[in-house]
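Accompanying notes for the structure given below.
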Amino acid sequence: MSISNNLKQIKSSLPEDVTLVAVSKTKPVDDLMEAYNSGQRIFGENKIQEMAEKHQVMPKDIKWHMIGHVQRNKVKYMAPFVSMIHALDSIKLMEEINKQAMKHNRVIDCLLQIKIAKEDSKFGMSKSDALTLLNSKSYSECSHVNIVGLMGMATFTDNQTQLKSEFEYLKTCYDEFKTTNPIFNTLSMGMSGDYKLAIDCGSNMVRVGSSIFGARNYTSN
Ligand SMILES: *Cc1c(COP(=O)(O)O)cnc(C)c1O
């Protein structure tokens, strides 16, 4: 299967209100261009430097989503162009994004990453820390950061019952936060292996990599 065929197939299976982020981390620009030429405009990367390099050489109508963990000292490299940051997980990071966005006269859309997986390795905030951030004086003063929703990564498992309960938990948080944050419009959950279930549980943004571009080869990276 080609990248454009994979894309076509996945897109045709998505409800109209679900946005597809094509996760292109580790993949060469030629692969991204194949997706671009078949209409894809939103790409997700998890390393700031790799995203910045691809941004430089690729068409300027692409929306770049940072989906990985963000180190504060690297925010400045993506602040001029990043379209959405999925993994906001602390007040300090929010303040740095605000500072860098201000330098470029931009307002950057961000999602709060909530820890929904049982594994220790996954980043993210607890629900109560997320609420604290949203209600903080600091956020009310961050006029260059718009928190527009939530992101979560489920446990790496085939257990559908567990996946479903993790996705449902995130949806519950989203609905609750939305009542006091009316600008919420994005619930980012679901990857290649679980995006259909995530959509059934209320996701409206899926981050799909290997089902579009094929398996990643980390050893050559
Ligand atoms: C790599 C990655 C994805 C995509 O994973 P696939 O299983 O290849 O679809 C989605 N979200 C995040 C945060 C990722 O790091």
Original post:
Looking at this structure, is MET94 hydrophobic (A, V, I, L, M, F, W, C), open to solvent by 20 Å² or more (accessible area, probe 1.4 Å) and away from the ligand (no atom under 16 Å from the Cβ)?
Top reply: no
**OP:** From MET153, MET102, grab the single residue that is surrounded by 18 or more Cβ atoms within 10 Å (Cβ to Cβ) and within 30 Å of PRO80 (Cβ to Cβ).
**Re:** MET153
Original post:
For region 1-80, which helices (runs of 4 or more DSSP H) that fit wholly inside it have 2 or more residues that are within 13 Å of the ligand (Cβ to nearest atom)?
Top reply: 3-13, 48-57
Original post:
From the list GLY202, GLY209, GLY214, GLY190, which one is surrounded by fewer than 17 Cβ atoms within 10 Å (Cβ to Cβ) and within 16 Å of the ligand (Cβ to nearest atom)?
Top reply: GLY214
**OP:** For region 122-130, indicate whether the set of residues that are under 24 Å from LYS11 (Cα atoms) and either more than 16 Å from the ligand (Cβ to nearest atom) or at pLDDT below 95 (or both) is non-empty.
**Re:** no
Original post:
Can you spot a residue in region 29-40 that is open to solvent by less than 20 Å² (accessible area, probe 1.4 Å) and within 28 Å of LYS178 (Cα to Cα)?
Top reply: no
Original post:
Which of the residues that make up region 49-91 are of a type in the set (Val, Ile, Thr) and surrounded by fewer than 21 Cβ atoms within 10 Å (Cβ to Cβ)?
Top reply: VAL57, ILE62, ILE91
Subject >> Which numbered condition SER128 fails, given (1) free of Cβ contacts under 8 Å to residues at least 24 places away in the same chain; (2) small (Gly, Ala, Ser); (3) crowded, with 16+ Cβ neighbours inside 10 Å >> reply: (3)
**OP:** Among residues belonging to region 137-150 that are open to solvent by 20 Å² or more (accessible area, probe 1.4 Å) and not in a helix (DSSP H, G or I), point out the one that is nearest to the ligand (Cβ to nearest atom).
**Re:** ASN146
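The values are calculated or read from the model by the stated rules, or taken from the named source; none is laboratory data. This one's a predicted model, so the numbers in the text were calculated from it and none came from an experiment. Positions of Cβ are backbone-derived with ideal geometry, glycine not excepted, and every protein chain shown enters the neighbour counts. Ligands, DNA and RNA are excluded from the accessible area calculation, which covers all protein heavy atoms including side chains. Shrake-Rupley method; radii C 1.70, N 1.55, O 1.52, S 1.80 Å.
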